[in-house]
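**Q** Mind looking over this structure? Questions follow.
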Amino acid sequence: MAGRAPSKKPSLRVERQLQRAGHRLLAGMDEVGRGALAGPVSVGVVVIDETVRSAPTGVKDSKLLTERARKGLVPRIRRWCVAHSVGHASPDEIDELGIMAALRLAGLRALSAVDVVPDLVILDGNHDWLTAPSEVGLLAYADPAGPTTPPVTTMIKADLKCSSVAAASVLAKVERDDLMVQLGADHPAYGWGLNKGYSAPEHLDALARLGPCELHRRSWRLPGVYEEPDIVVPDGMVPGRVLNEGAEPHVSALVATEQTGTAVR
């Protein structure tokens, strides 16, 4: 008799394993807006403990949900978890610090807004962008006070596996989308009410016609605005492009835009 196929929905299986290992208070964390051309990058955090039961029905990675479904889940997620928050880093901060450091800033703001200190943070992906380079390895013990960021574990596709991370992605996306709609009222030509600051056709067309506004990430080579210089390269080779020259030198600045129809992350 064939065994039961593993569930394709997020669950608390990973969180329960980590709690049994001693990490009682867990924070699921996920970001949205990393690949946008305008607006903030936002990080959601959802904190749970061992008393929290299964997540509300329907909780999964925000990209897989309709706008209506995401908004309907927000009050249920807030009632379900121990604590929650969303932190933001502005376009100016992204330009000044680089996208990775801006992600860290948004994540730390989200953590500082909750009234508990998690024993462990679960990050989606394979890169720990939350922990400052000065707190990695032996450098973490240089300051007598110790690290200021909770321990972090990373997991590829955590937003598809862990209910806490999926819930964090929903909170972050709903809050950032609502913010972009509000900001778009003052800049209607860019169509942020639909594209939320991503590289949709109407946004690119407005950039080409009007140029960027103060809410665009000006350190990025914005399509329709930045002109690629003529570079002579060997036959068959393509010159590389850097989307964010303000990124930290030790971290790749490659940014992927995840888009499903008009639902963009």
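The values are calculated or read from the model by the stated rules, or taken from the named source; none is laboratory data. Predicted, not measured: the structure shown is a model, and the values here were computed from it. Side chains included, ligands, DNA and RNA excluded: accessible areas come from the protein's heavy atoms. Shrake-Rupley method; radii C 1.70, N 1.55, O 1.52, S 1.80 Å.
**Q** Ranked from the most accessible area to the least, with a 1.4 Å probe and all protein chains present, what is the order of LYS157, LYS173, LYS71? Please report the intermediate quantities before stating the final value.
**A** Numbers: LYS157 115, LYS173 5, LYS71 95 Å².
The ordering from most to least exposed comes out as LYS157, LYS71, LYS173.
**Q** Would you list, by chain and number, the lysines whose Cα falls below 21 Å from the Cα of LYS9, excluding same-chain residues fewer than 8 positions away?
**A** LYS60, LYS63, LYS71, LYS157, LYS161, LYS173
**Q** A further question follows. Send over a whole-number figure in Å² for the accessible area per residue of segment 80-223, probe 1.4 Å.
**A** Result: 43 Å² of accessible area for each residue.
**Q** Tell me the carbon and sulfur percent of the accessible area for segment 38-191, rounded to whole percent, probe radius 1.4 Å.
**A** Solvent-exposed carbon and sulfur of segment 38-191 make up 55 percent of the total.
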